[in-house]
Amino acid sequence: MASLFAAPPKSPTLRFFSSSSFCHKHNLLLQGWKIRSFSMQKLMPHFAATSLKSKRRKTLICAVSQDAEESFKKTVEVDRLIDMLRDANPQELQKLVVENILAFNEGFWIRLAARTDTCKSEDDKKDYEELAISVMSIVDCLVHKTNEKIESSTDVLKEILKPVVHEEEEISWPPRDPDALKLMEKKITQREQEGQLDEGFLAEVSAQLRQAKEDRDKPGLQAMLQKVLQLYASRVLSKRSYAKKGDEVLKAEQFLETIIQAPEEEWSKLLIDGLTVGKGEISPDELRAVIKKRIERMLIRTEGGSYQQRILNEYLKGIESRAEDIVQVLQGKP
């Protein structure tokens, strides 16, 4: 695995449909059932006169039962699809969305909102929110690309690097134009929202980074590709915050999240200012503990052996390694 660092060692707001609308429709269905059942009971004496009227009554009750049964079956089907989407890795998710594109109607989003509202843990709720964002992004991308050629991973990477690469010039890093890096970061955010930074893309960047290291004559390209992976890792890890537990702010988690979101070049200053061995109030042991916990959470939520898992793990390990170096320097250890 090519390293993300030169030396060894930012989600769209989503508004869910309120589950109250789902409950309202459900209540209407139950009310309809009661009204129709009550009407049938009231009319029973009048239908007892003939067998034909009795058959009509049975038919009506049967129709109501079938309506409820069909509604239940649809809910079961939507739940099954939601479970499959939630368990899928990024590549499988895109395939599932494409295969079930017609299923993402109003009923799907209402059911997803209802399940989100009934989550018992904040982690599960965030999982559903991220799932909704991912599915919406993929559906939106499919709609916009219906009549366009789907870009390859190489095309996506070229587009991301366009602000910092000029064909007529030798690749240099950092870019001469300070705004170029911001544009590159913006493109990464956009592509990630569209679901295009998948395993294929990460494999492509990793392969090119490995080749650039072997060639040893393209330090600018190597640094540029490392920055792409760093920005990707920062964005993905920043989606989920653990800095609050109820009303309590967990300062060590908050400190880690500040480092995760910061450029790699700023880590040393942040660590010096934030750790107790420097100017801050977070002990090295507290930082180690939250990094370890974040790695454990990441490993649970990513596919084993995937490029995504390796890149996110290396990014967190890079923060841990930098912190250890800073601690040793400030404590005067060789």
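The values are calculated or read from the model by the stated rules, or taken from the named source; none is laboratory data. Given the structure is predicted, the values throughout are model-derived calculations rather than measurements. Every residue, glycine among them, receives a Cβ derived from its backbone with ideal geometry; neighbour counts consider all protein chains shown. For accessibility, only protein heavy atoms count, side chains too; no ligands or nucleic acids. Shrake-Rupley method; radii C 1.70, N 1.55, O 1.52, S 1.80 Å.
Within segment 313-332, is there a residue that is in a helix (DSSP H, G or I), of a type in the set (S, T, N, Q) and under 24 Å from residue 206 (Cα atoms)? Yes. Just one of the listed residues (64, 97, 78) is at pLDDT below 85, assigned to a helix (DSSP H, G or I) and touching a helix residue (DSSP H, G or I) at 6+ places or on another chain (Cβ under 8 Å), namely 64. The requirement of being touching a helix residue (DSSP H, G or I) at 6+ places or on another chain (Cβ under 6 Å), under 21 Å from residue 261 (Cα atoms) and either of a type in the set (Gly, Ala, Ser) or surrounded by 18 or more Cβ atoms within 10 Å (Cβ to Cβ) (or both) is not satisfied by residue 222. Inside segment 83-95, residues that are hydrophobic (A, V, I, L, M, F, W, C) and surrounded by 18 or more Cβ atoms within 10 Å (Cβ to Cβ) make up a count of 2.
For (1) part of a helix (DSSP H, G or I); (2) in contact with a Phe, Trp or Tyr (Cβ under 7 Å, 6 or more places away or on another chain); (3) more than 24 Å from residue 235 (Cβ to Cβ), each residue gets a yes or a no:
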site: 260; (1), (2), (3): yes, no, no
site: 268; (1), (2), (3): yes, no, no
site: 271; (1), (2), (3): yes, no, no
site: 277; (1), (2), (3): no, no, yes
site: 285; (1), (2), (3): yes, no, yes
site: 291; (1), (2), (3): yes, no, no
site: 298; (1), (2), (3): yes, no, no
site: 305; (1), (2), (3): no, no, no
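For segment 135-158, a tally of residues being at pLDDT 80 or above and open to solvent by 40 Å² or more (accessible area, probe 1.4 Å) returns 6. I need the full set of residues from segment 96-123 which are open to solvent by less than 60 Å² (accessible area, probe 1.4 Å) and among the basic types (Lys, Arg), in order please. Scanning segment 96-123 gives 111, 115.
Residue-level check: of (1) under 21 Å from residue 299 (Cα atoms); (2) buried (at least 21 other Cβ atoms within 10 Å of the Cβ); (3) at pLDDT below 95, residue 256 misses just (3).
Conditions first: (1) surrounded by 13 or more Cβ atoms within 10 Å (Cβ to Cβ); (2) at pLDDT below 95. Residue 315 passes all but one, so which condition is the exception? It fails just one condition, (2).
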